[in-house]
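The structure appears right after this line, and notes come after that.
The values are calculated or read from the model by the stated rules, or taken from the named source; none is laboratory data. Since we're looking at a predicted model, the values are computed, not measured. Positions of Cβ are backbone-derived with ideal geometry, glycine not excepted, and every protein chain shown enters the neighbour counts.
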Amino acid sequence: MKLILMVLLGLQLTACSSSGGKGGNAPQENSVDTKASARIHTELAAVYYGQKQYGVALDELKQALNMDGKYAPAYGVRGLVYMALKEDRKAEDDFERSLDLDSMDSGTRNNFGWFLCQRGREKESMEQFMAAVRNPLYATPEKAFLNAGLCSKKFGKLKEAEAYLKKALSVQPRMTEALVGMAELSFLKADYASAKTFFLRLSRNGAELSAADLLLAARVERKLGDKNAEASYKLQLRKRFPESRETQLMLSGE
């Protein structure tokens with residue numbers, strides 16, 4: 001809600017700043033105001049997307065594109081909304097349109113890569129992730145490395161997955177998703193000591209583990225024979241996620 005209020009405040013400021021323009025500067029000011037309005041509606045849409053209010057997000061994006069039909073981020077966010085709605089053709093068209101307008105937008109390339117990965121298009125997804133990280137201006141390359149690692153794991157390429165996750169951690173050593181990914185890979189390789197090390201790092205970072213993470217951590221401790229640590233993770237799982245599938249698996253002894 002605070003973010004929404006901040007964005008709305010920005011809209012008010014934009015409107016106020018445009019009220020004094022006259023004469024020869026008016027067309028330029030109108031162009032600036034149009035782009036600013038498109039940006040604000042797109043930011044609002046991203047907030048609603050994060051809240052899973054997809055219909056409202058689409059309304060905001062329609063307004064953004066009415067203000068500026070060539071505003072690349074609006075297409076990128078709409079691609080995410082259509083992805084969530086399983087309207088794959090529309091999602092792909094929007095991701096591609098966004099990148100046609102701004103080929104240097106690594107955030108959209110990363111999102112497009114994740115879409116392709118989830119739809120089973122491994123080669124195309126990896127091309128997008130690698131294009132994203134090749135951009136020296138990309139502020140968060142760890143996200144693309146993480147997704148490349150998770151996608152490689154999805155397709156059974158565990159060595160490649162480990163390499164990409166390590167790259168993510170070299171950029172952002174406290175990245176929760178990458179640490180969990182490394183713990184999962186270590187467990188699959190029966191390297192339980194390494195898996196425990198990654199969970200200890202997560203604990204030191206104060207990371208909040210999901211039900212799946214807690215169940216995996218308990219399984220790691222069971223393999224290592226640390227009954228106290230296993231019981232601790234199981235207790236957390238029961239308390240925090242009493243109705244989860246993972247809790248039911250734990251109670252059934254799996």
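Summary of values
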| quantity | calculated |
| --- | --- |
| Top-ranked residue of the range 145-160 - restricted to ones that are of a type in the set (D, E, K, R) and in a helix (DSSP H, G or I), ranked as surrounded by the fewest Cβ atoms within 10 Å (Cβ to Cβ) | Lys159 |
| Test: residue in the range 211-222 that is among the aliphatic types (A, V, I, L, M) and under 24 Å from Asn111 (Cα atoms) | yes |
| Selection status of Arg109, surrounded by 16 or more Cβ atoms within 10 Å (Cβ to Cβ) and within 27 Å of Gly156 (Cα to Cα) | yes |
| Among the candidates Leu158, Leu235, residue that is more than 18 Å from the chain's Cα centre (by Cα) and closer than 29 Å to Gln128 by Cα | Leu158 |
| Residue that is surrounded by the most Cβ atoms within 10 Å (Cβ to Cβ), among those in the range 113-130 that are within 17 Å of Ala161 (Cα to Cα) and either among the hydrophobic types (A, V, I, L, M, F, W, C) or touching a strand residue (DSSP E or B) at 6+ places or on another chain (Cβ under 8 Å) (or both) | Phe129 |
| Test for Ala168: is it surrounded by 15 or more Cβ atoms within 10 Å (Cβ to Cβ), closer than 20 Å to Asn147 by Cα, in contact with a Phe, Trp or Tyr (Cβ under 8 Å, 6 or more places away or on another chain) and of a type in the set (Gly, Ala, Ser) | yes |
| Spans of helices (runs of 4 or more DSSP H) in the range 173-254 with at least 3 residues of a type in the set (D, E, K, R), out of contact with any Pro (no Cβ under 6 Å at 6 or more places or on another chain) and more than 21 Å from Ala161 (Cβ to Cβ) | 227-240 |
| Any hit, the range 200-208, residues being outside the structural domain of Gln118 (by TED's automatic domain parsing) and under 27 Å from Arg121 (Cα atoms) | no |
| Residue in the range 26-46 that is modelled with pLDDT of 95 or more and not in a helix (DSSP H, G or I) present | no |
| Filter result for Ala183 (at pLDDT 95 or above, buried (at least 18 other Cβ atoms within 10 Å of the Cβ) and in contact with a Cys (Cβ under 9 Å, 6 or more places away or on another chain)) | no |
